[in-house]
Amino acid sequence: MGLLAPNGRAKREGAVTTPGRDILCQRQIAEGADLEPITLGWLSGEALKKLGGVAVQGILQAILRGRAERARDLLLEELRHGRANIGLDASDVDEAVAALWRYLRAAEEGAARLNLRLMASVIDGQLAAKALHADQFLAWADLIASLSKEEVILLATLLRFERQEQARPKSDPTPKDQYPDKKARRKLIGSVFGSDEEYSLTAQALLRTGLIAANAILISSDIGLGAIYRTTSRMALLARVADFEGVIEREVG
């Protein structure tokens with residue numbers, strides 16, 4: 001229960017679907033058709049009365065419909081900015097429909113615009129790589145849904161500075177900055193984070209995702225050891241399909 005159906009009908013667990021119907025659902029989304037929320041279809045009788053009757057149901061339906069339309073617009077915008085060719089092989093349709101279903105469910109659950117845009121970017125990246133696999137997208141979607149705005153910005157900023165260091169030619173006489181984390185701190189403290197402590201707490205929270213890791217370094221003989229954060233191989237996998245910098249630019253500015 002609680003899913004959004006592209007064709008306005010509930011997708012029942014265990015229901016048999018046909019390729020033609022799945023292709024129609026995908027086509028409706030691509031063409032910008034209205035997405036009809038079906039979460040409240042089970043509300044009736046005593047439960048509906050206790051929640052305030054038809055008026056409350058109408059209000060909630062309107063909220064969910066707005067979320068679905070917002071998600072559709074964000075997805076289409078990311079596809080326009082992205083690398084993917086919308087055309088799918090017949091064998092890819094089931095994978096695409098499953099991914100879209102999870103994306104729409106995130107919208108129904110109230111995922112923030114930034115998170116939805118990042119999920120849409122993953123769909124675009126997987127389509128471009130001809131590697132749209134529902135199980136992989138579901139895993140990324142669950143992870144992305146758990147991220148706060150500050151966490152996404154920190155990840156994108158740290159990734160950008162790491163890529164800048166990696167792209168520097170060996171002939172560059174400037175000493176290589178071994179700690180892009182320091183640049184990220186200078187960039188974000190005062191604009192996104194109120195203090196160094198807030199930055200550190202957010203980075204520590206991100207350790208749960210496996211997208212960054214912490215290395216211990218000696219700060220000084222008086223202070224002792226401190227932590228320097230870096231992105232991981234898991235973040236590298238996500239960054240291959242998700243355009244972090246583009247998403248931040250389009251959503252945050």
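The values are calculated or read from the model by the stated rules, or taken from the named source; none is laboratory data. Not measured: the values here are computed from a predicted model. So basically every Cβ, Gly included, is an ideal-geometry build from the backbone, and we count neighbours across all protein chains shown.
The single residue among A184, A139, A145 that is out of contact with any strand residue (DSSP E or B) (no Cβ under 7 Å at 6 or more places or on another chain), among the small types (G, A, S) and without any contact (Cβ under 8 Å) to a residue 12 or more places away in the chain turns out to be A139. Only a single item in (1) closer than 22 Å to D94 by Cβ; (2) among the small types (G, A, S); (3) loosely packed, with under 15 Cβ neighbours inside 10 Å is not met by S121, and it is number (3). Just one residue in the set L132, L114, L147 is surrounded by 15 or more Cβ atoms within 10 Å (Cβ to Cβ) and over 11 Å from the mean Cα position of the chain (by Cα); that residue is L132.
All conditions but one from (1) assigned to a helix (DSSP H, G or I); (2) modelled with pLDDT of 85 or more apply to A111; the one that does not is (1).
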